[in-house]
Amino acid sequence: MSYTKPAELVTLMVDAGAYKMQLSTRDTLIRAFMGAAILTLGAAFAVTVSTQTGQPLLGALLFPIGFVLLYLLGYDLLTGVFTLGPLAVLDKRPGATIGAMLRNWGLVFLGNFGGALLVAVLMAIYFTYGFSSDPSPVGLAIGEIGHGRTVGYAEHGAAGMLTLFIRGVLCNWMVSTGVILSMVSSNVLGKIVAMWLPISLFFYMGFEHSIVNMFLFPSGLLLGADFTIMDYLIWNEIPTVVGNLVGGLLLAGLPLYLTYGRTVARKVREPRQARAKAGVASPAEVLGAV
């Protein structure tokens, strides 16, 4: 399998961030819509597997199918552009401005929400025979996820909000690592294996992913779960988006960029003998003479 070294990988990351800002509104929305739709269909699949088998680990191991498919097709998620866009701005690429970055984020958010909402409606129909019967066991499980991850946090007040935010940070640390690793190989199998690892980790640990939640919570509301739209926005989506931004940028993108994109040479002190031979006083000697 081919392997792209970190220094070359950072260049690819910056290139990708700059490229996404140059896309038209139409292309950005289509790619974001389809990216979220495929990812959330994979989430529905993972919840189905977990519920029907009673093995959450199996669901986590299979969840990356959606993520792999969407990135092999070149679609976009908000969590990914949170990481790549700022690097292009820092690198001062042509056209990579803060305004262009914010425009890209906004369009990707809208496209992702549309794709996730479509899958939420389709799966709600699927789980209820067109709303003609009670939700299936999988539908009930999705509703319980929505309740537990809104009201469940609210019951703990500020501590719950902090936990929610941290789960968002940890989530996009792993998800953006998966986005980055999609570029680590030019071989399809290499890309799949590299992406699979961090995505399985995030799903099994129950971290908070803003795009997956755009499916889970509307689905829960459609299936009769006991929480409100305001519960969803205040006690999940908004803090999760902020946490995803912090985790993807500060823990996934910036460390690689700073150490491989802007490598700083090690400062080496000259031995005292070399300074004396050159007639250069040491700092201690200079201070002593003052």
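Here are some notes:
- Per-region count, the stretch 1-59, residues outside any helix (DSSP H, G or I), over 19 Å from Leu84 (Cα atoms) and in contact with a helix residue (DSSP H, G or I) (Cβ under 8 Å, 6 or more places away or on another chain): 4
- Residues satisfying the stated conditions in the stretch 70-101, i.e. farther than 17 Å from Gly253 by Cα and part of a helix (DSSP H, G or I): Leu70, Tyr71, Leu72, Gly99, Ala100
- Of the helices (runs of 4 or more DSSP H) entirely within the stretch 197-290, those holding at least 1 residues that are at pLDDT 95 or above occupy 210-222, 229-232, 238-246.
- Candidates Leu73, Leu29, Leu41 - the one that is closer than 20 Å to Glu208 by Cα, modelled with pLDDT of 95 or more and within 19 Å of the chain's Cα centre (by Cα): Leu41
- Checked against the criterion of being at negative phi, free of Cβ contacts under 8 Å to residues at least 24 places away in the same chain and of a type in the set (Ser, Thr, Tyr), the candidates Thr53, Thr83 yield just one match: Thr53.
- Some residue of the stretch 3-15 being in contact with a Pro (Cβ under 8 Å, 6 or more places away or on another chain) and surrounded by fewer than 23 Cβ atoms within 10 Å (Cβ to Cβ): no
- Of the residues making up the stretch 98-130, those that are in contact (Cβ under 8 Å) with a residue 60 or more places away in the chain, over 11 Å from Ser219 (Cα atoms) and either touching a strand residue (DSSP E or B) at 6+ places or on another chain (Cβ under 8 Å) or β-branched (Val, Ile, Thr) (or both) number 2.
- Meets criteria (surrounded by 15 or more Cβ atoms within 10 Å (Cβ to Cβ), modelled with pLDDT of 95 or more and touching a Gly at 6+ places or on another chain (Cβ under 6 Å)) for Met123: no
- Every residue from the stretch 138-176 that is assigned to a helix (DSSP H, G or I) and of a type in the set (S, T, N, Q): Thr163, Asn172, Ser176
- Residue in the stretch 181-196 that is nearest to Trp235 (Cα to Cα), counting only those that are touching a Ser or Thr at 6+ places or on another chain (Cβ under 7 Å) and in a helix (DSSP H, G or I): Met195
- Close Cβ contacts (under 7 Å, 6 or more residues apart or on different chains) running from residues in the stretch 226-240 that are within 10 Å of Met161 (Cβ to Cβ) and in contact (Cβ under 8 Å) with a residue 12 or more places away in the chain to residues that are of a type outside the set (Phe, Trp, Tyr) and surrounded by fewer than 21 Cβ atoms within 10 Å (Cβ to Cβ) comprise Trp235/Ala154; Pro239/Met161.
- One residue stands out in the stretch 135-162 among those that are within 22 Å of the chain's Cα centre (by Cα) and over 14 Å from Met230 (Cβ atoms): the one that is surrounded by the most Cβ atoms within 10 Å (Cβ to Cβ), namely Ile142.
The values are calculated or read from the model by the stated rules, or taken from the named source; none is laboratory data. All figures in this text were calculated on a predicted structure; none of them were measured in a lab. With ideal geometry, Cβ positions are generated from the backbone for all residues, glycine too; neighbour counts draw on all protein chains shown.
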